[in-house]
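> Below is a structure I'd like to ask you about.
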Amino acid sequence: MATFAPPPGTADIFEEEASEWRFLENAAREVFSRYGYGELRTPVFEYTELFQRGLGGETEVVQKEMYTFADRGGRSLTLRPEGTAGVMRALSNTDVLNGVEQRVYYMGPMFRGERPAAGRRRQFHQIGVENVGRCAPLLDAECLAMLRAFLKRIGLDDAELVINTRGVREDRPAAEKVLREYFSQHIGEMCEDCRTRLERNIWRILDCKQENCGKIIAGAPEYLEYFSQESRDYFSSVCEALDALGVSYRVEPRLVRGLDYYVHTVFELTHPALGAQTAIAGGGRYELFLPGQNRPVPGVGFAAGVERLLLARQALEKSGTVENAAAYLVGLTPAMRVANLALANRLREAGLKVALELEERSFKAQLRGANKSGAKIAVIRGEDEANRGVAVVKNMADGTQTELPEAELFEYIRREAVETPK
């Protein structure tokens with residue numbers, strides 16, 4: 001039989017996996033709403049200029065990874081490679097430019113032309129938050145505490161939080177000079193990407209994962225001493241707040257994140273269950289320049305990779321299963337299949353998940369269907385049962401049967417199939 005695979009770096013998501021996605025999404029809504037965040041949905045494509053200006057023209061995302069195309073009007077559009085820029089564009093139409101705080105979360109697909117690997121797809125999905133309009137160390141700490149709460153809710157509370165500071169833009173020229181002088185002495189021993197980064201974006205060298213480059217990076221000078229006292233005090237305040245909140249963390253001076261808009265606090269959450277690709281979430285404080293604006297908009301936020309979260313949960317055997325139907329309705333005659341369709345609708349409207357047989361099949365075939373569905377109870381009705389207003393209910397686990405008035409079916413199914421421990 002011929003098969004048709006989706007394009008490389010994409011995947012079909014069937015119900016068994018989709019139930020896990022819904023678990024993560026619902027957990028995010030539950031936790032983030034407690035912190036005053038509301039959902040925002042933005043388009044999956046934006047004007048290319050938004051990402052070029054917002055993320056930085058020299059970033060590898062903009063240089064190598066974006067899916068950009070011209071529409072019928074000749075306008076350059078790009079499938080969103082991350083969520084922050086689109087969120088900020090949307091919020092720029094609110095009073096956030098006047099310093100009024102906005103708290104939003106988002107979830108959905110992003111697109112990057114990367115080489116596919118475990119937990120890394122060309123169409124990948126993120127759950128993220130943005131707190132926009134104000135700047136304070138305590139806002140950064142609160143954002144990190146919320147991320148921790150979300151990970152705990154989904155069973156990944158053993159993830160490690162790694163943090164650092166990028167300082168502010170004015171701090172960087174002196175630090176960049178020192179780093180460039182050091183790496184220039186070793187650039188012949190480094191990877192091709194780092195040779196390009198030496199001129200285009202020196203900070204990206206610190207983020208290189210190549211083993212040989214890592215050894216050279218480990219000997220790089222401590223550039224933080226070239227940051228202003230104000231920047232160092234800001235970072236100290238974030239760390240003190242995390243201590244007060246009981247949020248554990250590790251300071252990693254080599255953590256820079258890959259986008260130009262970051263200032264002050266940057267962070268990643270890593271999990272050992274993922275092997276080499278350990279990051280499951282990351283973010284930080286940023287200042288984003290939007291098209292048509294001469295001053296940046298401040299914010300702090302993070303994004304968690306849904307595929308990475310799923311892999312970590314699977315490695316820890318925390319993945320759930322598809323929620324089976326509570327009951328399966330078996331009709332012994334064509335008229336009873338019609339009657340069961342009406343009964344199923346009544347039970348569904350009352351809140352039960354119900355499956356039923358609607359094709360003409362034998363009694364044994366219908367019971368096989370009930371067993372295959374995973375339902376705990378089969379509800380069997382023929383003409384005689386219908387005339388007497390009753391139904392036979394069969395426990396699919398032990399095969400026992402009993403007769404019940406139809407009016408008692410809902411409470412019986414809820415009690416025996418929904419409320420009993422799984």
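Every read-out reported here was derived from the displayed coordinates using simple, explicitly stated rules and does not represent laboratory data. Predicted model only: the values in this text are computed from it and were never measured. We place every Cβ from the backbone using ideal geometry, glycine too, and count neighbours over all the protein chains shown.
> Counting just the Cα atoms, what span does the chain cover along each of its three principal axes? Round to the nearest Å and put the largest first.
90, 53, 44
> I need Tyr286, Tyr47, Tyr234, Tyr182 ordered by Cβ neighbour count within 10 Å, fewest first.
Tyr47, Tyr182, Tyr234, Tyr286
> Toward the positive end of the charge dipole of the chain, about the Cα centre and with charges on Cβ (Lys, Arg +1; Asp, Glu -1), which of Tyr105, Gly73, Gly9 goes farthest?
It is Gly73.
> Explain nothing, just the number: relative contact order of the stretch 327-417, from Cα pairs under 8 Å at least 6 residues apart, as a whole percent.
That works out to 30 percent.
> What spacing in nm lies between the two simple spin-label points modelled at Arg22 and Glu323, each 7 Å away from Cα in the Cβ direction?
About 0.5 nm, to one decimal.
> Quick check: residue separation of Thr94 and Thr400 times 0.36 nm, minus the Cα distance between them. What number comes out in nm?
In short, 103.9 nm is gained.
> Go ahead and run the numbers for FRET between Ala218 and Ala407, Cβ-Cβ distance against an R0 of 56 Å, rounding to 0.05.
Approximately 0.15, to the nearest 0.05.
> Can you tell me, using C-alpha contacts under 8 Å and at least 6 residues apart, the relative contact order of the chain as a whole percent?
Computed value for the chain: 15 percent relative contact order.
> When Val251, Val300, Val393 are ordered from fewest to most other Cβ atoms inside 10 Å of their Cβ, what list results?
Arranged by neighbour count, lowest to highest, Val251, Val300, Val393 become Val251, Val393, Val300.
> For a quick check: with amide H placed at 1.01 Å from N, whose amide H comes under 5 Å from Ile280's, ignoring anything fewer than 5 positions away on the same chain?
Leu269, Thr270, His271
> What residue among Arg381, Arg121, Arg254 has the largest mean-square fluctuation in a Gaussian network model of the chain, using Cα springs under 10 Å?
Among Arg381, Arg121, Arg254, the largest mean-square fluctuation in the Gaussian network model of the chain belongs to Arg381.
> Please work out the Cα center distance from the stretch 387-422 to the stretch 232-288, rounded to the nearest Å.
Between the Cα centres of the stretch 387-422 and the stretch 232-288 lies a distance of 53 Å.
> For the peptides 10-23, 27-40, what is the packing order when you average, over each peptide's residues, the other Cβ atoms within 10 Å and list the highest mean first?
Put in order of decreasing packing, that is 27-40, 10-23.
> Another one. Could you identify which residue out of Glu189, Glu65, Glu385 has the top mean-square fluctuation in a GNM of the chain using Cα springs shorter than 10 Å?
Glu385
> For Leu329, list long-range residues whose amide hydrogen, built 1.01 Å from N in the peptide plane, is under 5 Å from its own amide hydrogen.
For Leu329, whose amide H was placed from the backbone, the distant partners under 5 Å are Ala355, Leu356, Glu357, Val379.
> Can you sort Arg232, Arg313 by how many other beta carbons sit within 10 Å, fewest first?
Neighbour counts put them in this order, fewest first: Arg232, Arg313.
> Still on this structure: For the ranges 82-93, 109-120, what's the packing order if you count other beta-carbon atoms within 10 Å of each residue, average per peptide, and put the highest first?
Ranked by mean Cβ neighbours within 10 Å, highest first: 82-93, 109-120.
> Can you give the FRET efficiency to the nearest 0.05 for Glu15 and Val418, using r as the Cβ-Cβ distance and R₀ = 22 Å?
Computed FRET efficiency for Glu15 and Val418 comes out at 0.70.
> Any idea what the dipole of the stretch 1-108 comes to, in debye rounded to 20, about its Cα centre with Lys/Arg Cβ at +1 and Asp/Glu Cβ at -1?
Roughly 420 debye, rounded to the nearest 20.
> Could you give me the percent of Cα pairs per 10 Å distance bin for the stretch 1-77, shortest bin first, beginning at zero and ending with the bin that holds the maximum distance?
13, 24, 32, 27, 4, 0
> Right, something else. Between Ala5 and Ala350, what's the calculated FRET efficiency when r is the beta-carbon distance and R0 is 30 Å? Round to 0.05.
Taking R0 as 30 Å, the efficiency between Ala5 and Ala350 is 0.15.
> The stretch 327-417: Rg/Rh from Cα coordinates, Kirkwood Rh?
Across the stretch 327-417, the Cα-based Rg/Rh ratio is 0.91.
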